[in-house]
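Peer 1: What follows is a single structure, and I will ask about it in a moment.
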Amino acid sequence: MKKADVKEMILEAKKAKGLGWEEIASKIGMSPVWTTSVCFGMNSAPKDKADMLVALFNLPPEASAVIQECPMKIWDQAVPTDPAIYRLYEIVGVYGETIKEIIHEKFGDGIMSAIDYEMYIERKEDPKGDRVVITLDGKFLKYRAW
């Protein structure tokens, strides 16, 4: 059994049970972004959370070990064509250097961690059309000289 197999089983069970990611995350006591990433195989979960997911989705017991495995974080390196994902690439393409410049101006020479990191995706009501608010909250990691 591989992470792709477990992802497929989870998505089928999620659909059959009519659950949303926020509800699933709440049931295991984690954030929706982290929970979804684990279910998609892009992060690993500790044993207790993996076991909760197995129970929630009625997965085979061996799925827990797969959910706990460290993932190989690779994906199709081509720019995706799905509009929701493409727009994020477009934002980084247009504003990436600006983001880097402002980070360096405010913090110095370094990067934002994607390990010591949290992400939140919210809906903000607006009379002109609801807005998507994505917060990327990562620890600053200063480059060191040696």
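Peer 1: What full-extension length gain, to one decimal in nm, is calculated for ILE111 and LYS139 as 0.36 nm per residue of separation minus the Cα-Cα distance?
Peer 2: Full extension of this stretch gives 9.2 nm more.
Peer 1: Please say if the stretch 3-68 is rounded, prolate or oblate, where rounded means a/c under 1.5 for a ≥ b ≥ c the square roots of the C-alpha gyration tensor eigenvalues, and otherwise the choice is prolate for a/b larger than b/c and oblate otherwise?
Peer 2: Since a/c stays below 1.5, the shape of the stretch 3-68 is classed as rounded.
Peer 1: Per DSSP H run of n ≥ 4, the term is -39500 (n - 2.57); total these for the chain, divide by its residue number, and report the mean residue ellipticity at 222 nm rounded to 500 deg cm²/dmol.
Peer 2: Using -39500 (n - 2.57) per qualifying helix, the result is -15500 deg cm²/dmol.
Peer 1: Only counting other Cβ atoms within 10 Å, I'd like ARG123, ARG87 sorted with the fewest neighbours first.
Peer 2: Least to most surrounded, the residues fall as ARG123, ARG87.
Peer 1: Just to be sure I understand, if you calculate percent of Cα pairs over 17 Å apart for this structure, which of [x] 62; [y] 57; [z] 70 do you get?
Peer 2: Here the calculated entry is [z].
Peer 1: By how many nm would the segment from GLU125 to TRP75 lengthen if fully extended, with 0.36 nm per residue of separation less the alpha-carbon distance?
Peer 2: Full-extension gain reported as 14.7 nm.
Peer 1: Taking amide H positions as placed 1.01 Å from N in the peptide plane, with prolines and chain starts having none, which residues 5 or more places from GLY138, or on another chain, fall under 5 Å of its amide H?
Peer 2: Those lying under 5 Å, H to H, from GLY138 are GLU118.
Peer 1: As a footprinting exposure proxy, order SER44, SER64 by other Cβ within 10 Å, with the fewest listed first.
Peer 2: Ordered by Cβ neighbours within 10 Å, fewest first: SER44, SER64.
Peer 1: Between their Cα atoms, which of LYS17/LYS73; LYS15/LYS100; LYS27/LYS124 are more than 31 Å away from each other?
Peer 2: Flagged as over cut-off: LYS15/LYS100.
Read-outs throughout are calculated quantities, based only on the coordinates presented, and are distinct from any laboratory measurement. Given the structure is predicted, the values throughout are model-derived calculations rather than measurements. Ideal geometry is used to build each Cβ from the backbone, glycine not excepted, and the neighbour counts take in all protein chains shown.
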